Amino acid sequence: MGHDIIGRNKAGEEVAYARFSMGNINALILYDLLDSNEFHAGVSGTGDSSVFSIQEIQKALNTFIEKYMREGSAAHSDFLDWDEKQILDFLQNCLRAAEDEGSVKVLFG
């Protein structure tokens, strides 16, 4: 069990991927950033998906950078480097796809 969060383009191709073990509370950060807590089912995602606009992904990325990536912030000091990188990569890859196609679909598995 765990959280497999996958970004897909309109052709259904995977463009972004983030994986969190079932006990990793950092998964909640990505759900929160995407305003998608209804897809969080405890030890994994619900299996449902949602489509995000360029603006929604950009907002999530900006919030993540502001809140979690500022040196010296309380969130940054205890934030796992691996999870920080995978969330950043996930959001950046989703943004690229959304910019190319107008939106990106995210599956919360």
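The values are calculated or read from the model by the stated rules, or taken from the named source; none is laboratory data. What you see is a predicted model, and the numbers here were worked out from it, not measured in a lab. We place every Cβ from the backbone using ideal geometry, glycine too, and count neighbours over all the protein chains shown. Side chains included, ligands, DNA and RNA excluded: accessible areas come from the protein's heavy atoms. Shrake-Rupley method; radii C 1.70, N 1.55, O 1.52, S 1.80 Å.
From helices alone, the chain scores -13500 deg cm²/dmol at 222 nm; the rule is -39500 (n - 2.57) for each run of n ≥ 4 DSSP H residues, then divide by the residue total.
Here the Karplus relation 6.51 cos²θ - 1.76 cosθ + 1.60, evaluated at θ = phi - 60°, turns the backbone of the range 96-109 into coupling constants of 4, 5, 5, 5, 6, 10, x, 6, 9, 9, 10, 9, 10, x Hz, with x for every Gly and Pro.
Give the shape of the chain as rounded, prolate or oblate, defined through the alpha-carbon gyration tensor: a ≥ b ≥ c are the square roots of its eigenvalues, a/c under 1.5 means rounded, and otherwise the shape is prolate if a/b is larger than b/c and oblate if not. Oblate shape, in that a/c is at least 1.5 and b/c is the bigger or equal ratio.
Each Lys and Arg Cβ is given +1 and each Asp and Glu Cβ -1; about its Cα centre, the chain then shows a dipole of about 80 debye. For an R0 of 25 angstrom, estimate the FRET efficiency from the Cβ-Cβ distance between MET1 and MET69 and round to the nearest 0.05. Once rounded, the FRET efficiency stands at 0.30. Only protein atoms count toward the accessible area here, which uses a 1.4 Å probe; on the chain, the carbon and sulfur part of that area reaches 51 percent.
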